[in-house]
1. Here are the criteria: (1) open to solvent by 60 Å² or more (accessible area, probe 1.4 Å); (2) within 24 Å of ASN228 (Cα to Cα). Tell me which single one ALA308 does not satisfy.
2. Got a sec? Which of SER200, SER237, SER179, SER193 is out of contact with any Gly (no Cβ under 6 Å at 6 or more places or on another chain), open to solvent by less than 40 Å² (accessible area, probe 1.4 Å) and assigned to a loop (DSSP other than H, G, I, E, B)?
3. Kindly indicate whether ALA242 is within 22 Å of THR169 (Cβ to Cβ) and either at pLDDT 90 or above or not polar (S, T, N, Q) (or both).
4. Against the definition (open to solvent by less than 50 Å² (accessible area, probe 1.4 Å) and either more than 23 Å from GLU134 (Cα to Cα) or at pLDDT below 95 (or both)), how does ALA210 come out, yes or no?
5. Give ALA62, ALA93, ALA155, ALA76 a once-over and let me know the one that is in contact (Cβ under 8 Å) with a residue 40 or more places away in the chain and small (Gly, Ala, Ser).
6. Might you check whether a residue that is open to solvent by 40 Å² or more (accessible area, probe 1.4 Å), without any contact (Cβ under 8 Å) to a residue 60 or more places away in the chain, of a type outside the set (A, V, I, L, M) and farther than 26 Å from ALA124 by Cβ occurs anywhere in the stretch 11-29?
7. Taking the stretch 286-303, which residues are assigned to a strand (DSSP E or B) and open to solvent by less than 40 Å² (accessible area, probe 1.4 Å)?
8. If you go through the stretch 163-171 one residue at a time, do you hit one that is touching a residue at least 12 places away in the same chain (Cβ under 8 Å), assigned to a loop (DSSP other than H, G, I, E, B) and under 15 Å from the mean Cα position of the chain (by Cα)?
Amino acid sequence: MNESAKNLRIVYMGTPDFAVAPLQRLVEEGYNVVGVVTMPDKPAGRGQKIQESAVKKYALQAGLRILQPEKLKNPAFIEQFRSLNADLGIVIAFRMLPEVIWSMPRLGTFNLHASLLPQYRGAAPINWAIINGETTTGVTTFFLNNEIDKGDILAQKAITIDQEDNAGTLHDKLMLTGSDLVIETVEMIADGSNNAIPQSVTQEITIKDAPKIYKETCHINWNMDCCNIINFIRGLSPYPAAWCELQKQNGDIITAKIFKAHSEQRTPDREKNNKTGKEQSGKFLTDGKSYLKVTCADGYIYIDELQAAGKKHMTTEEFLRGFRVFQ
């Protein structure tokens, strides 16, 4: 093939912050982005003000042509897309595309996914990798086909998940690594050196999925052990955030999002000296000033940063100044 990558007519499809950095790299390095497809503007927040997607905001600044279809199978949009005469499509954090769209670019359409496929197919790979205690993850580019996240793999890059990482910091690391991989993938496709490999799943591999996360998913189960609870909190911080119920001294129950915590495992000696046996999981303990901890299966979870319903994000010390937790 040996085409010039920067002459390829690229249509870019994406919506959130994760999709902005790769688009910016393409534009700033001189690739020919002829159109950007993103979600329609929609009302958000208490005031229901109309919000533009992160990708649209950048595309406007860069002077790119923007398409915002309500329905991807709408004949008018399909004709608009066809008029772009795309050589290559790139999809990052967007909607499921119909075949009529992803098959239209001459060289195909590839997706950037925030995991090392075939692991963590689905909507929330960053969150689930941390929740499940992984120490390594990465990014994958692959050609789209009719199945979600199952197309032939073009390239991958692995990165380490540090103990201090949460979903927010890992998101940013993968976004930057993914930007590099997008550029490399475009170059590979242009010069014909890409050898797309089918995703193979053997019986020896346990595939972990990354389904969409709902509010109910984020409720903390204090019956788990320390390690799993800490990973759960990290994997959902800062968004959408793990949460639990707190009981005020007047008996009222409120919910609180937990953003950061650390643990203390129960020692054998402490267990032995506890005359009542193992403490019941989910019991809140505090001195009312400096700490708020919760009993779990094998120790205590110390809450470091939280946000009670209707309040701002704060440290435990700040929280305890104005809130009395039932003990």
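The values are calculated or read from the model by the stated rules, or taken from the named source; none is laboratory data. These numbers were taken from a predicted model, which means no experiment stands behind them. All Cβ positions, even for glycine, are placed from backbone atoms using ideal geometry, and neighbour counts span all protein chains on display. Ligands, DNA and RNA are stripped out before the accessible areas are found, and what is left, the full protein with its side chains, is counted by its heavy atoms. Shrake-Rupley method; radii C 1.70, N 1.55, O 1.52, S 1.80 Å.
1. (1) is the only condition that ALA308 fails.
2. Being out of contact with any Gly (no Cβ under 6 Å at 6 or more places or on another chain), open to solvent by less than 40 Å² (accessible area, probe 1.4 Å) and assigned to a loop (DSSP other than H, G, I, E, B) holds for just one of SER200, SER237, SER179, SER193, which is SER237.
3. In short, yes.
4. no
5. Answer to the selection: ALA93.
6. The answer is yes; a qualifying residue exists.
7. THR286, LEU292, LYS293, VAL294, THR295, CYS296, GLY299, TYR300, ILE301, ILE303, listed by residue number.
8. Yes - at least one qualifying residue is present in the stretch 163-171.
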